[in-house]
1. Residue A:140 is checked against (1) modelled with pLDDT of 90 or more; (2) surrounded by fewer than 21 Cβ atoms within 10 Å (Cβ to Cβ); (3) closer than 22 Å to residue A:47 by Cβ; (4) within 10 Å of chain B (Cβ to nearest Cβ) and fails just one. What number does that condition carry?
2. One residue is enough: does region B:338-357 have a residue meeting the conditions within 14 Å of chain A (Cβ to nearest Cβ) and crowded, with 20+ Cβ neighbours inside 10 Å?
3. Which helices (runs of 4 or more DSSP H) sit wholly inside region B:1-86 and have at least 1 residues that are farther than 30 Å from residue B:258 by Cβ?
4. So for region A:16-23 (the condition being farther than 25 Å from residue A:190 by Cβ, touching a strand residue (DSSP E or B) at 6+ places or on another chain (Cβ under 9 Å) and surrounded by 14 or more Cβ atoms within 10 Å (Cβ to Cβ)), does at least one residue qualify?
5. I'd like the full set of residues that are crowded, with 22+ Cβ neighbours inside 10 Å and over 20 Å from residue B:210 (Cα atoms), limited to region B:46-76.
6. Would you mind listing the helices (runs of 4 or more DSSP H) fully within region B:200-319 where at least 2 residues are more than 22 Å from the chain's Cα centre (by Cα) and within 30 Å of residue A:51 (Cα to Cα)?
7. Take the residues in region A:83-103 that are assigned to a helix (DSSP H, G or I), more than 7 Å from every other protein chain (Cβ to nearest Cβ) and in contact with a helix residue (DSSP H, G or I) (Cβ under 7 Å, 6 or more places away or on another chain); name whichever of them is surrounded by the fewest Cβ atoms within 10 Å (Cβ to Cβ).
């Protein structure tokens, strides 16, 4: 079964002569283990599409199915639960909680899902250690580098074992080397664990990690091609780039 | 989510300090005012409770010692002694006297200390003579300290010079206090030839008090008021006079606390709007987010309460030494309801931030 099915989805902001169509009749499906890179110029509707798939925004037309379930039938509380259990989010600006340490940031989704504190701590530590951040557990976000912050964000996105990871410009605030390392880490981890990943980005270098590359232009899906996908999905966690 | 609330609070120490300070001030104000109210109420009733009587017999319509004058002929005693069930009936004389001393206005409620009938003695003498002699008077220690009247000083009471022979305690009633003179001196001050103000009646063991009251009140010139009721009637002076003022001050205290918590939590919520948006995006429900904000407010309020209560206790203990009129009684019951008010205040103050939180759009987190 597809993890995500987008069927003829549109999103229009405003109405009448001021109406702007950000996403125009887009359809796509994403399976488990897929790594989909969504590209396109600024304002093409990439982030709007990602927001709708992430259930943070409702489409004005068409429908989106997550694991076969039409999300338009779910209540706000059910959508929150769905995001918590099924999705991991990675943002351009990291969006870590400034008052919490790296470890606590990763614990957050687990605690929200009702995982006991001790177990949540153990899982968070394991996730951070897997991402080479075992020495940064007690550091606040302000004490971490950009690459470290994004790795914490990746650990947080993976904490609840989501089936789908949604990443919005994950390399935009990182230097080229760190950006590539972080993306490879995200995609490599997801790939090994058979999770689906949708990445919205301008960064052409991410093609090396993607299995499929979709281009959106003016709200419409213009092209879909195979990515280079040079990842060794079975690589040992220790071999992941720092 | 309590850990997130605490982390958020601790992260912004200045704001936390303002929140805690605001609530502490509010609690200090409320607890001190309530303590004063309770202290003064108790003080008024304290002396009356020590007077040996089951019933106070007053002139009809007189309900207390201060608001409604009561003058009864001494012959009433014969009537009372003859009532079936009455154990004893003793006259009790006293009235308020104002005079100036050392340029200050002094108000005393002079009571005749009738050693023969064992009526009208001070509740507790803490310094000097315990029974006034001829030409002497025992005043309350609070008045002595606040008006700088020392034992051995002479004061002009209703045209008579009386020497202060001792200090008593438990007779200070806000604007005036009980003082005790011999029966003869008191009678000359009070000018009540052949009359007294009240009779103190005890009921014989085994007699039905209600029936005794009924028999006494068969005389239309008198009322029989139980001791507890008489205490209450006198205490109501404080309640009627000060309760409206106290209520206004309580509301001010609550408003101050609520405003400070509300504003600090609100500004914190606005500053952290993006982080709350992230939490919404990753699946934290609105209810869980509201809980975080309410927990922040409640935590700040509880800290403020602890600081405020400690300050109130310290102020209560210290201020009494410098300002004798500052008589407070802080009861556990009052501390408990003020904690309740503080918690309600915190939750109410969270409503505005919660409302703001509900409007945060999680899709905003995708904007750089």
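1. (3)
2. Start the filter on region B:338-357 by keeping residues that are within 14 Å of chain A (Cβ to nearest Cβ), which leaves B:357.
Now restrict to residues that are crowded, with 20+ Cβ neighbours inside 10 Å: B:357.
Scanning region B:338-357, I find at least one residue that is within 14 Å of chain A (Cβ to nearest Cβ) and crowded, with 20+ Cβ neighbours inside 10 Å, so the answer is yes.
3. Working: elements: B:2-11, B:13-50, B:76-82.
Passing ranges, in order: B:13-50, B:76-82.
4. Applying the first criterion (farther than 25 Å from residue A:190 by Cβ) to region A:16-23 yields A:16-22.
Checking which are touching a strand residue (DSSP E or B) at 6+ places or on another chain (Cβ under 9 Å) leaves us with A:19-22.
Filter again for surrounded by 14 or more Cβ atoms within 10 Å (Cβ to Cβ), leaving A:21-22.
Within region A:16-23, one or more residues are farther than 25 Å from residue A:190 by Cβ, touching a strand residue (DSSP E or B) at 6+ places or on another chain (Cβ under 9 Å) and surrounded by 14 or more Cβ atoms within 10 Å (Cβ to Cβ).
5. Initial filter on region B:46-76 (crowded, with 22+ Cβ neighbours inside 10 Å): B:47-48, B:53, B:55-58, B:65, B:70, B:72.
Once the filter is applied, which keeps residues that are crowded, with 22+ Cβ neighbours inside 10 Å and over 20 Å from residue B:210 (Cα atoms), region B:46-76 yields B:47, B:48, B:65, B:70, B:72.
6. Numbers: elements: B:209-216, B:227-271, B:273-281.
The helices (runs of 4 or more DSSP H) meeting that bar are B:227-271, B:273-281.
7. Looking at the filtered set, the residue picked out is A:103.
Results for (1) more than 14 Å from chain A (Cβ to nearest Cβ); (2) touching a residue at least 40 places away in the same chain (Cβ under 8 Å); (3) crowded, with 20+ Cβ neighbours inside 10 Å; (4) closer than 30 Å to residue B:177 by Cβ, shown as yes or no for each residue.
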residue: B:260; (1), (2), (3), (4): yes, yes, yes, no
residue: B:270; (1), (2), (3), (4): yes, yes, no, no
residue: B:286; (1), (2), (3), (4): no, yes, no, no
residue: B:297; (1), (2), (3), (4): yes, yes, yes, no
residue: B:300; (1), (2), (3), (4): yes, yes, yes, no
residue: B:305; (1), (2), (3), (4): yes, yes, yes, no
residue: B:318; (1), (2), (3), (4): yes, no, no, yes
residue: B:321; (1), (2), (3), (4): yes, no, no, yes
residue: B:326; (1), (2), (3), (4): yes, yes, no, yes
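The values are calculated or read from the model by the stated rules, or taken from the named source; none is laboratory data. Note that the structure is predicted; figures quoted are calculated from it, not measured. We place every Cβ from the backbone using ideal geometry, glycine too, and count neighbours over all the protein chains shown.
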